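Here the structure is laid out as C-alpha cells; the discussion comes afterwards.
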Amino acid sequence: MTRIQELMIYRNFSKEKILNDLAYVMDHYADMKEEDAQGLRSRYYDCIHSLVEMAGAYGFAGNLWHNYLTWLLVNDENVFSTSCEIVGAVEGSINTLAMHDFEIFRELFMFDFSGVNQALGAKEMEVIAAYENINSQSKLYNKRIRDRICQLTVRLEQSTDVKTFMDDMVEFYREFGVGKLGLHKAFRIRHEENRVSIDPITNIAHVHLDDLVGYETAKKKLIDNTEAFVNGKRANNCLLFGDAGTGKSSSIKGILNQYYDRGLRIIEVYKHQFQDLNDVIAQIKNRNYKFIIYMDDLSFEDFEIEYKYLKAVIEGGLERKPENVLIYATSNRRHLVRESFYDKQGRRDDLHSSDTVQEKLSLVNRFGVQIFFCAPDKKEFQNIVKVLAEKHGITMPEDELLLEANKWELSHGGLSGRTAQQFVDYLLGKM
C-alpha cells in the first residue's frame, strides 16, 4: 500500500491528481474485482495521458513518473523546503518529519509497475519509464531548469537509502531554491480578482555586463550597490537615467544574470500596477532570496498620481520595506515627475510653491543611488561597433566597417549603444 495519506509536510501540491490517481491504482490492482477492472484501467490510462502532456509542456524525458515526483518535490513551498533554500540543511524536529515524507516518496520512486501492467493488461508504462521526447523545448520552463529537474530525478533514482534521498533534495534547495521563485530568474505580476499573482518569465535575454561596452564607471556603481545587497549589507534603491539606447535596461538584465546564482531575483512592475506593490512585497518578504523590483522607462506626467503609491512603498509608509527588497528603475528623465514652465508661472498663484516643487522632487530623492548613462561620442560609438563586430565574428575591413556604421547611425537614431547593436545585427543578417 502506498502511504501518501501519511504525508505531513509535502501535502499541498498544485498538481496532485496524477499522484492520487496512480496511487489508487497501485493500491487496488492486486485485489480488484472484475467489475472494477475497466474503471481502474481508465484511471491508469488517464495518468499516462497526463504524464505525456506534462512531458510536452516541460520538455521531460526518461522516466516520466519519476520526473513528475521530482517536479512535485522541487515546486512544493513548505516550511522545510523554504527553510533549506539558499542556506541548505537546517536543524530541529522538522528534519524528522521531512525524513518521514521522503521515505514515502522514495517508495513511490522504487515501485515496480510490472504487477500493475500484468493485472491490467497494459504495457504502456514501459514506454513512460524510458520516454524519448520529440521536442526537448519546454513551453513552461527554460532548458536550464528542465535539465536540473531531470538531473535531480536521476540522482533520486540512484539513492541508496532515504538519507541519501533527503540529502539530494536539501542540496537542490540550497543550490537552486524551491518553487517558482527558486527555479526562475525573473517575474511579472498579474492582478486576478482579489489577489496578485507573481508569474515567472520563462524566456530571459542572456545579457551579461561584459556585453555592455563602455560605461565602466556607471556599471561599477551598479555592481557595488548590488553586491552589497546580495551580501546582506545595506544598499540603496537605484535609478539609472540618461539618454535612450545607452544600456540602462541591459545593465539590469546583466545584473540579474550575474547574481542569480547567489539568490537574486527580479520582479518587473509597470506603472499601473504600483497599487499592488504592497501585496507583492508581502509575498516575498519572508523568502531567502534578494528581490529587485524593476521598473523600466519610469516617468510620470503631472496628471498621473501613481508615483504617490511608489513613494509610500519606498519610504514613508508605516511598514518598513523588507531588507530583502530593493527598487531599481530606469528612466530617460532625471526628474521622474514631469515639470513644465507652468509650474514656475503657477507659483505666483500657489501659496506654498516650495511645497509643490518638493512634492515632485521627493520621488527621485528616494533613490539613494542615481547613475547617469550618457550617449557616446563619435569615437566611443566607433569603439562599441568594433567590439561588437569582433565578438560576432564580422571580418569586414575596419575602415569600411566604421564608414557603414556612420551612415547607419545618421538614419537610425544617432549615437548610442542600441544603434551600434542594431547595425551589427543588420550586418549579421546580410552574412
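The values are calculated or read from the model by the stated rules, or taken from the named source; none is laboratory data. All figures in this text were calculated on a predicted structure; none of them were measured in a lab. Surface accessibility is based on the protein's heavy atoms, side chains included, excluding ligands, DNA and RNA. Shrake-Rupley method; radii C 1.70, N 1.55, O 1.52, S 1.80 Å.
In terms of its alpha-carbon gyration tensor, the range 35-162 comes out oblate; a/c meets the 1.5 threshold, while b/c is at least as large as a/b. If one takes the longest principal axis of the Cα atoms in the chain, at what angle in degrees, from 0 to 90 and to the nearest 10, does the Cα axis of helix 143-157 lie? Helix 143-157 sits roughly 30 degrees off the main axis of the chain.
Once you've got the Cα coordinates, tell me which of Lys253/Lys308; Lys378/Lys407; Lys219/Lys386; Lys15/Lys290 are over 22 Å apart.
Values: Lys253/Lys308 27 Å; Lys378/Lys407 12 Å; Lys219/Lys386 20 Å; Lys15/Lys290 28 Å.
As for pairs spanning more than 22 Å Cα to Cα, those are Lys253/Lys308; Lys15/Lys290.
Which residue, Ser411, Ser299, Ser250, tops the fluctuation ranking in a GNM of the chain built on C-alpha contacts under 10 Å? Highest fluctuation of the listed residues: Ser411. Between 0 and 90 degrees, the angle of helix 162-176 with respect to the longest Cα principal axis of the chain falls at about 10 degrees.
What 222 nm value per residue comes from the helices of the chain, counting each DSSP H run with n ≥ 4 as -39,500 (n - 2.57) and dividing by all residues, nearest 500 deg cm²/dmol? Please report the intermediate quantities before stating the final value.
Numbers: 19 runs with 217 residues, N = 431.
Taking each H run of at least 4 residues, the total per residue is -15500 deg cm²/dmol.
Between Asp211, Asp161, Asp147, the GNM of the chain built on Cα springs shorter than 10 angstrom shows Asp161 fluctuating the most.
Share of carbon and sulfur in the accessible area of the chain stands at 49%, probe radius 1.4 Å. To the nearest ten degrees, helix 378-391 and the longest principal axis of the Cα atoms of the chain are 20 degrees apart.
Rolling a 1.4 angstrom probe over the protein heavy atoms with all chains in place gives the chain an accessible area of 52 Å² per residue. Report which label in (i) 19.6; (ii) 28.0; (iii) 22.8 holds the value of mean projected area of the Cα convex hull in nm² derived from the coordinates of this structure. Correct label, based on the coordinates given: (ii).
DSSP finds beta bridges in the chain, and of those with both partners inside it, around 25 percent are antiparallel.
Rank these residues by their accessible area, most exposed first, probe 1.4 Å: Thr226, Thr217.
Numbers: Thr226 0, Thr217 100 Å².
In descending accessible area the options line up as Thr217, Thr226.
How would you classify the range 1-107 from its alpha-carbon gyration tensor, with a ≥ b ≥ c the square roots of the eigenvalues: rounded for a/c under 1.5, else prolate if a/b is greater than b/c, otherwise oblate? Cα axes put the range 1-107 in the oblate bin.
Taking a straight line from the alpha carbon of Lys33, these lysines sit under 24 Å away, with near neighbours fewer than eight places off in the same chain left out: Lys17, Lys123.
Just to verify a number: what accessible area does Lys233 come out at with the full protein assembly present, 1.4 Å probe, Å² rounded to tens? Surface accessible to solvent at Lys233 totals approximately 140 Å².
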